[in-house]
1. Dividing the Cα convex hull volume of segment 46-172 by residue count, how many Å³ per residue is that?
2. Quick check on segment 47-91: take the gyration tensor over C-alpha atoms, sort the square-rooted eigenvalues as a ≥ b ≥ c, and tell me if it's rounded (a/c under 1.5), prolate or oblate.
3. Where in segment 40-71 does the label zone of T29 land, with the point 7 angstrom along Cα→C-beta and an amide N cut-off under 14 Å?
4. Using 0.36 nm per residue of separation minus the Cα-Cα distance, give me the extension gain between A45 and E159 in nm, one decimal.
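Quick note: the coordinates plus some simple rules give every number you see, no bench work behind them. Just so it is clear, the model here is predicted, and its values are computed rather than measured. Because the Cβ atoms are built from the backbone with ideal geometry, glycine has one as well, and the counts that use them run over all protein chains shown.
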Amino acid sequence: MKKLIFIFILPLIMLWAQEGEFSDAPDFTLEDIDGNTVCLDSLLAKGPVFMSFWAMWCKMCIKELDALKPYYDEFDSLGINLLAISQDKTRAVPKVKPFARSHKWRYIVVLDPENNMRELYDVQAMPTSFIIDQNKKIVFTHQGYKPGDEKKVVAKIRELFKKEPENESKEK
């Protein structure tokens, strides 16, 4: 009986531990497709960060980033930094910039050919997206993509901005 209880409780303990593991967003510095240095602290100084792990070979990653394009101007006006983290290997890196341009993505597209970020953020599936607030807390994580999932991301970002003005007014 004890063994049976352990089998059911262990996954819950592991889930709890995993959630706690990602309460603070790990720092990073990467190069974008134009050769500029991009670091988390600089992005957070401007506003919250939405970041999506993607690769050219991942059809659902591309669909997710394409589905978020119509919201770019709204997010930009709110101060959200949209970051697309390419997981394409070194040999494919020269193709990333023309690929992103052909999709007319205005996101900050950064390169992670060694998949260091994927390890740092414990990304298990692609696409995986995160929203990081300005307190460096991961407030949303989403794995995979199916049409309509972008609405969850949009709702979470809008919710994040509804909370911020309330907090500011309470502090004054």
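1. Cα convex hull per residue, to the nearest whole number: 102 Å³.
2. oblate
3. Answer for segment 40-71: 40-43.
4. Between A45 and E159, full extension yields 39.1 nm more.
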